[in-house]
1. Return yes when residue 269 is touching a Gly at 6+ places or on another chain (Cβ under 8 Å) and surrounded by 18 or more Cβ atoms within 10 Å (Cβ to Cβ) and no when it is not.
2. Considering the stretch 62-98 alone, what residues qualify as being free of Cβ contacts under 8 Å to residues at least 60 places away in the same chain, open to solvent by 40 Å² or more (accessible area, probe 1.4 Å), more than 15 Å from the ligand (Cβ to nearest atom) and not charged (D, E, K, R)?
3. Which ones in the stretch 137-157 are surrounded by fewer than 18 Cβ atoms within 10 Å (Cβ to Cβ) and either of a type in the set (Gly, Ala, Ser) or within 16 Å of the ligand (Cβ to nearest atom) (or both)?
4. Given the condition out of contact with any strand residue (DSSP E or B) (no Cβ under 8 Å at 6 or more places or on another chain) and of a type in the set (Val, Ile, Thr), answer yes or no: does some residue in the stretch 92-108 qualify?
5. Considering the stretch 282-298 alone, what residues qualify as being within 16 Å of the ligand (Cβ to nearest atom) and either assigned to a loop (DSSP other than H, G, I, E, B) or open to solvent by 10 Å² or more (accessible area, probe 1.4 Å) (or both)?
6. From the residues in the stretch 172-196 that are touching a residue at least 24 places away in the same chain (Cβ under 8 Å) and more than 23 Å from residue 248 (Cβ to Cβ), which one is farthest from the ligand (Cβ to nearest atom)?
7. Please name all residue pairs, on different chains or six or more residues apart, with Cβ atoms under 6 Å, provided the first residue is in the stretch 133-144 and is assigned to a strand (DSSP E or B) and of a type outside the set (A, V, I, L, M) and the second residue is more than 12 Å from the ligand (Cβ to nearest atom) and at pLDDT 95 or above.
8. Please go through the stretch 200-213 and give me each residue that is buried (at least 20 other Cβ atoms within 10 Å of the Cβ) and either more than 16 Å from the ligand (Cβ to nearest atom) or closer than 17 Å to residue 316 by Cα (or both), ordered by number.
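The values are calculated or read from the model by the stated rules, or taken from the named source; none is laboratory data. All figures in this text were calculated on a predicted structure; none of them were measured in a lab. When we count neighbours, we look across all protein chains shown, and the Cβ atoms used for this are built from the backbone with ideal geometry, even at glycine. To get the accessible areas, we keep the full protein, side chains included, count just its heavy atoms, and leave off ligands, DNA and RNA. Shrake-Rupley method; radii C 1.70, N 1.55, O 1.52, S 1.80 Å.
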Amino acid sequence: MKTPSRLRRLPALATLVFLPLSAADLAPVDAAEFARCLPSDAKVERLATGLGFTEGPVWLPREGMLVFSDIPKDQLLRWSPAGGVAAFREPSRNANGNTLDLQGRLLTCEHSGRRVARREADGTLVTVVERFEGRRLNSPNDVVVKTDGTLWFTDPEYGLKTNPATKQREGKEQPGNFVYRHDPATGATTAVVRDFVQPNGLAFSPDEKLLYVADSGSPRHIRVFAVGADGRLDAGRVFCRLDLGGPDGIRVDREGRVWSSSGDGVQIFHPDGRLVGRILLPESAANLCFGGPDGKTLYITARKSLYAVRASVTGAGR
Ligand code: MG
């Protein structure tokens, strides 16, 4: 049961803003390419800490604020420069990944809700998708929207409880951990990839001809698929492997680079898969998004904290 007093404590987190890390936390590998991604004097700032496990950042341009998830604390939080951290929705049904649809409505993957939900303009929540072929989803993790209005989301099993005796996930109804395409216009849901171990973050290339999907299970790599005009994907190939931790949330910038969360913070990859460099954090990152008034602030959710760093580019798509 969440008490009002708990909510009142949240703004106190804002007093922890601006703990600047040093520019030495930027680690170029391809210096010339890295210089196109981040200003040489960019500083990583910790905007808030003392949280549970942060995920799912999304910038809301109309409101001028960031919304992100604290999964174990069952909260959606918001952050703005003036207001710091405050509650946005609680309980959140263990919300994870968030994005906006073409109308600017918040779409949220819910672990314990086992659905993708949409927040209407009046604040009410509706279920967008919760079943595939008559069976409940596992625990939707992350979602992106294509410019044709379709939702693409991943459904690993992280949100299902593990039976300590059998080590099996309880309540799993799907035969696998799939990547899905959902068309809100028709209600049709299609499994577009079925062979991931734990599909996680996903993002389209700027021209939407490619879809990148992270596998945070044992492969710990990002795969890339060609997107057909009919919404089908080709067989795909491995785009890159993470050398520290697994890839969780990923974003693509306007110039086609892939920015991936990693065990050491954020790793940036050239469109050909080469590592461009790293943003090093004291905590493992789980997700990231571009935002701010000009779209060139990178917000990073990393375990118990929220970080930000100014970038030289903005994100592709939503
Ligand atoms: Mg994720």
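1. no
2. 81, 82, 88
3. 149
4. No, because not a single residue in the stretch 92-108 is out of contact with any strand residue (DSSP E or B) (no Cβ under 8 Å at 6 or more places or on another chain) and of a type in the set (Val, Ile, Thr).
5. Correct list: 283, 284, 285, 286.
6. Here the answer is 185.
7. As it stands, the answer is 135/173; 135/174; 136/114; 136/173, since those pairs meet every condition given.
8. 201, 202, 203, 204, 210, 211, 212, 213
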